[in-house]
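Worksheet: the structure to be examined is printed underneath.
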Amino acid sequence: MVIATVLAILSLFSKSMAAARERTFLMIKPDGVQRGLVGKIIKRFEQKGFKLVAMKFMWASEDLLKKHYADLSARPFFPGLVKYMNSGPVVPMVWEGLNVVKTGRVMLGATDPKDSAPGSIRGDLSIQVGRNIIHGSDSVESAQKEIALWFDSKEVVAWKPDTEAWVYED
Ligand code: DAT
Ligand code: MG
C-alpha cells in the first residue's frame, strides 16, 4: 500500500517534470532586431517563468531560411518572406517549460498583427504580417524539427533554475 502510494506519487512527479521539459523554437526576426526589441521580447518569456536553454545571434542564410519555411514554399509570399528574413540578423532561441509551445503561440499573438490581441507581442509591437517581428513553433513536432535545424544538440543547455520550485507546484 505504502509502496503503491509512493510509486503513484513518483509517476505523477515524473509526468509533470516531463511535461515541463517541452521545448519550443522562437526566433526574433530581422525587424525585431533592427527595432531594438530583443531585450523586451526575451523579457516577456523570462518573466512568464519559461527557461531559456539556447540562443544565438546570426545572419541566417537563404538556404537555411528556405528549409525553415519549406512548408510555405508554394505560397505567393514565400520569396518576399525569405528576402525579409535574410535582410538582417536574427535571434534564434529555444525555450522550455510546461505547455511552452501552445502558450508561446498565445504570447506571440495571431500571425497577422491586425488580428493579434492587445497584450500579445505581435499585437503590442507590430502592424503588418510581413513585419511581425517573431517566429514561434506551432506544434511540439515542428518545434523538434526547427530546434534540430537551427541548433546543434550541444548548443542546447540542460540546466535547472533555482527558481523552479517557485514556478511549478512539483
Ligand atoms: P506563423 O508565423 O504565425 O506561424 P505562418 O507559419 O502561417 O505563421 O507563416 C509564416 C510567416 O510567413 C508569418 O509569420 C508571416 C509570413 N506570412 C504568413 N502569411 C502571410 C501572408 N498572407 N502575406 C505575407 N506574409 C505572410
Ligand atoms: Mg508558422
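Just so it is clear, none of the values below were taken in a lab; they were calculated from the coordinates. The shown structure was predicted, so the numbers you read here are calculated from the model rather than taken from an experiment. Every residue, glycine as well, gets a Cβ built from its backbone with ideal geometry; the counts of neighbours run over all protein chains shown.
Would you point out the residue of segment 152-170, among those that are in a helix (DSSP H, G or I) and exposed (fewer than 12 other Cβ atoms within 10 Å of the Cβ), that is nearest to ligand 1 (Cβ to nearest atom)?
So the first thing to find is which residues in segment 152-170 are in a helix (DSSP H, G or I), and the list is 153-155, 164-167.
Right, trim to exposed (fewer than 12 other Cβ atoms within 10 Å of the Cβ) and you get 153-154, 165-166.
Details: Ser153: 24, Lys154: 27, Ala165: 33, Trp166: 31 Å.
The extreme case among them is Ser153.
For segment 27-119, which fully contained helices (runs of 4 or more DSSP H) count at least 2 residues that are farther than 22 Å from Glu141 by Cβ?
On the way: elements: 30-34, 38-48, 62-68, 78-85, 100-108.
The qualifying helices (runs of 4 or more DSSP H) are 30-34, 38-48, 62-68, 78-85.
So, Gly123, is that one touching a Ser or Thr at 6+ places or on another chain (Cβ under 6 Å), outside any loop (DSSP other than H, G, I, E, B) and not aromatic (Phe, Trp, Tyr) or not?
Working: touching a Ser or Thr at 6+ places or on another chain (Cβ under 6 Å): yes; outside any loop (DSSP other than H, G, I, E, B): yes; not aromatic (Phe, Trp, Tyr): yes.
It is true that Gly123 is touching a Ser or Thr at 6+ places or on another chain (Cβ under 6 Å), outside any loop (DSSP other than H, G, I, E, B) and not aromatic (Phe, Trp, Tyr).
Please work out which residue is farthest from ligand 2 (Cβ to nearest atom), limiting yourself to segment 126-139 and to residues that are within 23 Å of Phe57 (Cβ to Cβ) and in a loop (DSSP other than H, G, I, E, B).
Going residue by residue through segment 126-139, those that are within 23 Å of Phe57 (Cβ to Cβ) are 126, 130-137.
When the remaining residues are screened for being in a loop (DSSP other than H, G, I, E, B), the result is 126, 132-133, 137.
On the way: Ser126: 15, Asn132: 10, Ile133: 14, Ser137: 7 Å.
Filtering first and then ranking leaves Ser126.
Would a scan of segment 149-157 turn up a residue that is aliphatic (A, V, I, L, M) and closer than 17 Å to Val33 by Cβ?
Filtering segment 149-157 for residues aliphatic (A, V, I, L, M) gives 149, 156-157.
Okay, now just the ones that are also closer than 17 Å to Val33 by Cβ, so none.
So far as segment 149-157 goes, no, none of its residues is aliphatic (A, V, I, L, M) and closer than 17 Å to Val33 by Cβ.
For the list (1) assigned to a loop (DSSP other than H, G, I, E, B); (2) closer than 30 Å to Val167 by Cβ; (3) aliphatic (A, V, I, L, M); (4) more than 12 Å from ligand 1 (Cβ to nearest atom), I need the number of the one condition that Leu149 fails.
(1)
Being under 27 Å from Ser61 (Cβ atoms), within 14 Å of ligand 1 (Cβ to nearest atom) and of a type in the set (A, V, I, L, M, F, W, C) is the filter here, so list the residues in segment 91-125 that pass it.
The answer is Val101, Leu108, Ile121, Leu125.
How many residues does segment 67-102 contain that are within 30 Å of Asp170 (Cα to Cα) and charged (D, E, K, R)?
Result for segment 67-102: 2.
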